[in-house]
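Values in this text are rule-based calculations from the coordinates and carry no lab data. In this text, all values refer to a predicted model and were calculated from it rather than measured experimentally. Here the Cβ positions follow ideal geometry from the backbone for every residue, glycine too, while neighbour counts run over all protein chains shown.
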Amino acid sequence: MLEIRDLRTGYGPIEVVHGIDLDVREGECVALIGANGAGKSSTLKTVCGLLPARSGQIRFDGQDITNRKGHAIVQAGITMCPEGRQVFPGMTVMQNLRLGAYARKGADLDWMLDMFPILRERANQAAGTLSGGEQEMLAIARALMSQPRLCIFDEPSLGLAPKIVAEVAQTIASIKAMGMTILLVEQNSLMALRLADRAYLFEAGEIVLEGTGAELQTHPEVVKAYLGH
Ligand SMILES: Nc1ncnc2c1ncn2[C@@H]1O[C@H](COP(=O)(O)OP(=O)(O)OP(=O)(O)O)[C@@H](O)[C@H]1O
Ligand SMILES: [Mg+2]
């Protein structure tokens, strides 16, 4: 579904992703893991049209989407649930959800509120008054409102208490069970590898390892550097 070939990207004079190849097949959950600054978020931003590709190609459903504008990429069916949630704090939960549907018509608000009962309870509350975990649920629900075919998550567990991290992982697992295709970046490597059908290890702007989630969970290099046991 998503094919990235020899992609390079960066900021100003500095290249931070040095020619990566990456695939996400329909229905898969693919995780990107790796240290701080390895280029994971920059890769996601480039897929979503928020950071220009310097060279290489990004194809979605066989269509070249390299360097298309962000809204065109949402329309093509890719939505990102961004790092730090980025809900609109002064707007209500409902208004945040409606914004998620802005770029694509026909999203089902009721269905979304059935899926996230806590958001129904909080529907008319300002998003800024929600807990971190609730804001993450809102960010996920808002992303789903655009009815994506590929849903991208950047650090969904960041800053959340362990119990809430488990809930977020459960939510991502149920979205996957519904048939959603997922590309996931997570500092919590164990969570990422448990959720992932396949995963890629990033180091300094390159992909150095690739395998199934289960394979990477037992790979000596990954265990030593990222799983801490
Ligand atoms: N807006 C920016 N301007 C300049 N350099 C940036 C910018 N954002 C990221 N970088 C640099 O690009 C490199 C890759 O960063 P990126 O955010 O893609 O890494 P990451 O793998 O997502 O790391 P993290 O796990 O910390 O989120 C880093 O060296 C970072 O300092
Ligand atoms: Mg990042």
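Please list the helices of the chain that count as membrane-span-like by this rule: a mean Kyte-Doolittle hydropathy of at least -1.0 together with Cα atoms stretching 15 Å or more along the helix axis, each helix being a complete DSSP H run. Intermediate values should be presented prior to the final figure.
Working: long enough: 132-145 (20 Å, 0.39); 162-177 (22 Å, 0.70).
Sorted by number, the helices that extend far enough and score high enough are 132-145, 162-177.
Please list the non-local residues whose amide H lies under 5 Å from the amide H of Val16, H modeled 1.01 Å from N, same-chain partners needing a gap of 5 or more.
Placed amide hydrogens put Thr9, Gly10, Tyr11 under 5 Å from Val16.
Obtain the radius of gyration and the Kirkwood radius of segment 88-147 from its C-alpha atoms and give Rg over Rh.
Rg/Rh for segment 88-147 comes to 0.92.
For Glu203 and Met178, FRET efficiency with R0 = 30 Å and r from the beta-carbon atoms, rounded to 0.05? Display every interim value, and only then the final one.
Details: r = 33 Å, r/R0 = 1.09.
Calculated transfer efficiency: 0.35.
Multiply the residue separation of Met91 and Gln75 by 0.36 nm, subtract the distance between their alpha-carbon atoms, and state the gained length in nm to one decimal.
Values: separation 16, 0.36 × 16 = 5.76 nm, distance 2.38 nm.
Extra length from Met91 to Gln75 when fully extended: 3.4 nm.
How big is the antiparallel share of DSSP beta bridges in the chain, given as a percent to the nearest 5? The partial results should precede the final answer.
Numbers: 23 of 41 bridges.
Beta bridges within the chain, antiparallel portion: roughly 55 percent.
Fully extended, how many nm does the chain gain between Tyr11 and Asn124 (0.36 nm per residue separation, minus their Cα-Cα distance)?
Details: separation 113, 0.36 × 113 = 40.68 nm, distance 3.94 nm.
This chain segment gains 36.7 nm when fully extended.
Pairs on different chains or at least eight residues apart, Cα atoms closer than 22 Å: how many lysine pairs in the chain fit?
7
Just to confirm the filter: which trypsin sites (Lys or Arg not before Pro) across segment 130-213 are DSSP coil and have at most 16 other Cβ within 10 angstrom of their Cβ? Before the final figure, lay out the partial values.
Numbers: sites: Arg142, Arg149, Lys163, Lys176, Arg194, Arg198; in loops: Arg149.
Passing sites in segment 130-213 are Arg149.
Starting from the Cα-Cα distance between Asn36 and Asp114, subtract it from 0.36 nm times their residue separation and give me the gain in nm to one decimal.
Details: separation 78, 0.36 × 78 = 28.08 nm, distance 3.61 nm.
Fully extending the segment from Asn36 to Asp114 adds 24.5 nm.
May I ask you to derive the relative contact order of segment 88-147, considering only C-alpha pairs under 8 Å and at least 6 residues apart, and to give it as an integer percent?
Values: 73 pairs, mean separation 33.1, N = 60.
Relative CO of segment 88-147 lands at 55 percent.
Which distance in Å, rounded to a whole number, links the C-alpha centroids of segment 43-103 and segment 14-30?
Comparing the Cα centres of segment 43-103 and segment 14-30, I get a distance of 16 Å.
Over segment 117-208, what per residue volume does the convex hull of the Cα atoms give, in whole Å³? Could you put the intermediate results ahead of the total?
Numbers: hull volume 11.2 nm³, N = 92.
Per-residue hull volume (Cα only) is 122 Å³.
Provide the net charge surrounding Glu215, with neighbours chosen by a C-beta distance below 13 Å and charges set as Lys +1, Arg +1, Asp -1, Glu -1.
Values: positive: Arg194, Arg198; negative: Asp197, Glu210, Glu221.
Here the count lands on -1.
Can you bin every Cα-Cα distance in the chain into 5 Å intervals starting at zero and give me the percent of pairs per bin, rounded to whole numbers?
1, 7, 15, 19, 20, 17, 12, 7, 3, 0
Residue by residue, what Karplus-based ³J(HN,Hα) values in Hz, rounded to whole numbers, does segment 119-126 have, using 6.51, -1.76 and 1.60 with θ = phi - 60° and x for Gly and Pro?
Per-residue couplings from phi come out as 6, 5, 4, 9, 3, 9, 8, 4 Hz.
Take the alpha carbon atoms of segment 192-229, find their center, do the same for segment 140-177, and report the distance between the two centers in whole angstrom.
So the two Cα centres are separated by 20 Å.
Where does the charge balance sit around Ser157 when Lys and Arg score +1, Asp and Glu -1, over other residues with C-beta under 9 Å from its C-beta? Spell out each step's value before the answer.
Values: positive: none; negative: Glu136, Glu155, Glu186.
After counting each charged neighbour, the total is -3.
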